[in-house]
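Structure provided below as structure tokens; questions to follow.
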Amino acid sequence: QVHLVESGGGLVQPGGSLRLSCEASGSIFSIGAMAWYRQAPGKERELVATIAAGGYTVYAGSVKGRFTISRDNAKNTVDLQMNGLKPEDTAVYSCNANIQIGAWAAGYVYWGQGTQVTVSS
């Protein structure tokens, strides 16, 4: 089994910073792309940022220049550094990862349970 667990959410004032972390554990052979998504109340889930195994990154236009995604392949983690937070960044943030559980297996996308980020004064 594979599990993804997020941490680091919370309440922050506008203009503040938070760092989210996500750790994958279990029967992992390799991890491909990893990503952070968010879903605000009444809205569809949207991609925030993604990072390939080799480090190539893609960001949503709304967070570019404020958020930074990074990964540690040795620790099976992906982080999201969020600076200059705005009230519209308020959402449940979830990580996902494309994981192979063996050389014989196809990749499968696993999801974490999500962590709440609230930006408010």
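Mind checking which residues of region 101-113 are within 11 Å of the chain's Cα centre (by Cα) and either among the charged types (D, E, K, R) or in a strand (DSSP E or B) (or both)?
111
Name the residue, out of 115, 68, that is polar (S, T, N, Q) and open to solvent by 40 Å² or more (accessible area, probe 1.4 Å).
Working: 115 fails: open to solvent by 40 Å² or more (accessible area, probe 1.4 Å).
Testing whether each residue is polar (S, T, N, Q) and open to solvent by 40 Å² or more (accessible area, probe 1.4 Å) leaves just 68.
Got at least one residue in region 89-100 being open to solvent by 50 Å² or more (accessible area, probe 1.4 Å) and not in a strand (DSSP E or B)?
For region 89-100, residues open to solvent by 50 Å² or more (accessible area, probe 1.4 Å) and not in a strand (DSSP E or B): absent.
Follow-up question, since we're still on this one. Give me a count of the residues in region 84-103 that are free of Cβ contacts under 8 Å to residues at least 60 places away in the same chain and of a type outside the set (A, V, I, L, M, F, W, C).
3
Using the structure shown, decide if residue 84 is open to solvent by less than 40 Å² (accessible area, probe 1.4 Å) and in a loop (DSSP other than H, G, I, E, B). Step through it out loud before you land on a result.
Details: open to solvent by less than 40 Å² (accessible area, probe 1.4 Å): yes; in a loop (DSSP other than H, G, I, E, B): yes.
When the stated conditions are applied, residue 84 passes them.
Residues being open to solvent by 20 Å² or more (accessible area, probe 1.4 Å) and modelled with pLDDT under 95: count how many of those fall in region 101-112. First the steps, then the outcome.
Going through region 101-112, the residues open to solvent by 20 Å² or more (accessible area, probe 1.4 Å) turn out to be 101, 103-104, 106-111.
Next cut, modelled with pLDDT under 95 only: 101, 103-104, 106-108.
Looking only at that region, the number is 6.
I'd like the residue in region 23-59 that is of a type in the set (D, E, K, R) and part of a strand (DSSP E or B) and, out of all such residues, is nearest to residue 71 (Cα to Cα).
Applying the filter and picking the extreme gives 23.
The values are calculated or read from the model by the stated rules, or taken from the named source; none is laboratory data. Because the structure is a prediction, the values reported are computed rather than measured. With ideal geometry, Cβ positions are generated from the backbone for all residues, glycine too; neighbour counts draw on all protein chains shown. We work out accessible area using only protein heavy atoms, side chains counted, and drop any ligands, DNA or RNA first. Shrake-Rupley method; radii C 1.70, N 1.55, O 1.52, S 1.80 Å.
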